[in-house]
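Taking it in order: structure first as structure tokens, then the write-up.
The values are calculated or read from the model by the stated rules, or taken from the named source; none is laboratory data. Values in this document were obtained by computation on a predicted structure and should not be read as measured data. Every residue, glycine as well, gets a Cβ built from its backbone with ideal geometry; the counts of neighbours run over all protein chains shown. Ligands, DNA and RNA are stripped out before the accessible areas are found, and what is left, the full protein with its side chains, is counted by its heavy atoms. Shrake-Rupley method; radii C 1.70, N 1.55, O 1.52, S 1.80 Å.
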Amino acid sequence: MAPPAKIAVGSLVWVEDPDVSWIDGEVLEVNGEEIKISCTNEKTVVANASSVYPKDAEAPSCGVDDMTKLAYLHEPGVLQNLCSRYEMNEIYTYTGGILIAVNPFRRLPHLYDNHMMEKYKGIALGELSPHPFAVADSSYRQMINEGISQSILVSGESGAGKTESTKMLMRYLAFMGGRAATEGRSVEQKVLESNPVLEAFGNAKTVRNNNSSRFGKFVELQFDSRGRISGAAIRTYLLERSRVCQVSDPERNYHCFYLLCAAPPEVVDRYKLGNPRTFHYLNQSNCYDLDGVDDSKEYMVTRSAMDVVGISNDEQEAIFRVVAAVLHLGNIEFVKGKETDSSEPKDDKSWFHLRTAAELFMCDATALEDSLCKRVIVTRDETITKSLDPDSAALSRDALAKIVYSLLFDWIVNKINSSIGQDADSKFLIGVLDIYGFESFKINRCLTGMPFVFIILESRGLVLAVNCMVTMCV
Ligand SMILES: Nc1ncnc2c1ncn2[C@@H]1O[C@H](COP(=O)(O)OP(=O)(O)OP(=O)(O)O)[C@@H](O)[C@H]1O
């Protein structure tokens, strides 16, 4: 990279702009720290030298496929390059070993077919156009040639395309790692087929993304000494528990709640469900339906995906019983009880939901009422039971809903893992980390408002990178 050019009269520069983030122009005057610029939007602005960056007049209009080739690797230069490429339908760009993906918001099947996978096989990173297959191929080859386990970190804001990119990486690794069939279905097939189940219970509509993953996912593909996939494990973390009892417009709660309410009538009757608008955990937002998604069909799709990943019919029934119980739990309201600072279910409706939740949880209704309306404090000498006022009882109801839902999610992940099968003797592994999407409405939206994903190939330092990112997100 060339050293930053001195900004002088006549230089071409980028300057910050409140509307389009960065605008280019020509320097008219330089007065110490103040720079007067004639911008290409025909405005003349005076800016501080710290917010003015040199523009490379010789940069190709179609951009470069590796941004380390840019004369200036500063924010406006990078964004301009991504923008020029995006306009030419080139959604992938490298910055050295990092792949940047800009969400195309439309299907591009020709980019991901088998022919493309064949094309990237054994080709060094940078020889062909930037692509997730190239990153996956490079990680696979490094693992085989150097005998070192690899990690691929996928990061970006919510809706940027991390999950889609992760699926591409997994598909390519499955293609390279071959078919290690266990009981008819290969490990990699099972990993890919677990996506609809995880999405039904861990994804929700957010402002940015109709199918936003509300949990982090680390998929570990285990390989034998011949480079064949011999096992896999899915590790999830940081499920957004608060969403179970708190949703704001125009978002939705987890998909599973809506698809269960749209299940065949006999299922809806069995769980005493009905219109999602009648449930407190769903009606805090006015959004119930998703464009182009039929929840009743999604229910059937989820049931068959559960069959495929080895969740038995009885287990599926138990899972949906818990989902329905959580909805009933949310409809229990509390009023002041007879004793001071105590509470009890508000009316017949609340009693109905309490009894139904208890029935579905297969527990005693009085025990459930006590667990919501009372707190047990255990000291060294005695056990004290304290009554809760109505507000505290509602908080304890929400806490129970959140913990039950997150335990259910963990149970489903464990079940999927035992069905996929682990290889305790695996020689190497490739881990793909789809890190939890953050939502940034002020930053990362420059020039075209493009959301992008970073795909980073790593053989060391993953833990450090994750720690830094988690710290940044917190
Ligand atoms: N490569 C791609 N090709 C086609 N469409 C894409 C691609 N990447 C993303 N999309 C579109 O963008 C939507 C959001 O992408 P995705 O779910 O992968 O985002 P995400 O970064 O995982 O978001 P979150 O963090 O909220 O889960 C997808 O449902 C899809 O419609």
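Points worth noting:
- Taking region 379-395 as the range and being open to solvent by less than 50 Å² (accessible area, probe 1.4 Å) and either among the β-branched types (Val, Ile, Thr) or touching a Lys or Arg at 6+ places or on another chain (Cβ under 7 Å) (or both) as the test, the residues that pass are 387, 388, 390.
- Failed item in (1) under 33 Å from the mean Cα position of the chain (by Cα); (2) touching a residue at least 60 places away in the same chain (Cβ under 8 Å), with residue 361 passing the rest: (2)
- At least 1 residues being without any contact (Cβ under 8 Å) to a residue 60 or more places away in the chain, under 27 Å from residue 98 (Cβ atoms) and not aliphatic (A, V, I, L, M) is the threshold, and among the strands (runs of 3 or more DSSP E) wholly inside region 1-69 those reaching it are 12-17, 21-31, 52-54.
- Pairs where the first residue, in region 235-254, is touching a residue at least 60 places away in the same chain (Cβ under 8 Å) and under 17 Å from residue 397 (Cα atoms) and the second is among the hydrophobic types (A, V, I, L, M, F, W, C) and loosely packed, with under 15 Cβ neighbours inside 10 Å, C-beta under 8 Å, 6+ apart: 241/403
- Among the residues of region 88-130, those that are more than 16 Å from the ligand (Cβ to nearest atom) and over 26 Å from residue 60 (Cα atoms) comprise 114, 115, 118, 119, 121, 122.
- Single residue of 433, 457, 407, 429 found to be open to solvent by 30 Å² or more (accessible area, probe 1.4 Å), part of a strand (DSSP E or B) and either farther than 24 Å from residue 153 by Cα or at pLDDT 90 or above (or both): 429
- All conditions but one from (1) buried (at least 22 other Cβ atoms within 10 Å of the Cβ); (2) within 16 Å of the ligand (Cβ to nearest atom); (3) on the phi < 0 side of the Ramachandran plot apply to residue 173; the one that does not is (2).
- Selection count, region 250-261, where residues are buried (at least 22 other Cβ atoms within 10 Å of the Cβ) and either at pLDDT below 95 or in a loop (DSSP other than H, G, I, E, B) (or both): 2
- So residue 229, is it more than 16 Å from the ligand (Cβ to nearest atom), open to solvent by less than 30 Å² (accessible area, probe 1.4 Å) and touching a helix residue (DSSP H, G or I) at 6+ places or on another chain (Cβ under 7 Å): yes
- Test: residue 247 is open to solvent by less than 30 Å² (accessible area, probe 1.4 Å), outside any helix (DSSP H, G or I) and at pLDDT 95 or above: yes
- Residue within region 216-229 that is small (Gly, Ala, Ser), more than 15 Å from the chain's Cα centre (by Cα), under 23 Å from residue 112 (Cα atoms) and not in a loop (DSSP other than H, G, I, E, B) present: no
- Condition check for residue 189: away from the ligand (no atom under 16 Å from the Cβ), surrounded by fewer than 19 Cβ atoms within 10 Å (Cβ to Cβ), among the polar types (S, T, N, Q) and part of a helix (DSSP H, G or I): yes
- Residue check for residue 341: out of contact with any Phe, Trp or Tyr (no Cβ under 6 Å at 6 or more places or on another chain), more than 28 Å from residue 416 (Cα to Cα) and open to solvent by 10 Å² or more (accessible area, probe 1.4 Å): yes
- Candidates are the residues of region 140-167 that are touching a Ser or Thr at 6+ places or on another chain (Cβ under 8 Å), within 16 Å of the ligand (Cβ to nearest atom) and of a type in the set (A, V, I, L, M, F, W, C); the one that is nearest to residue 427 (Cα to Cα) is 152.
- Residue pairs whose Cβ atoms lie under 8 Å apart, sitting 6 or more positions apart in sequence or on different chains, and linking a residue in region 277-291 that is among the basic types (Lys, Arg) to a partner that is surrounded by 15 or more Cβ atoms within 10 Å (Cβ to Cβ), are 277/283; 277/288.
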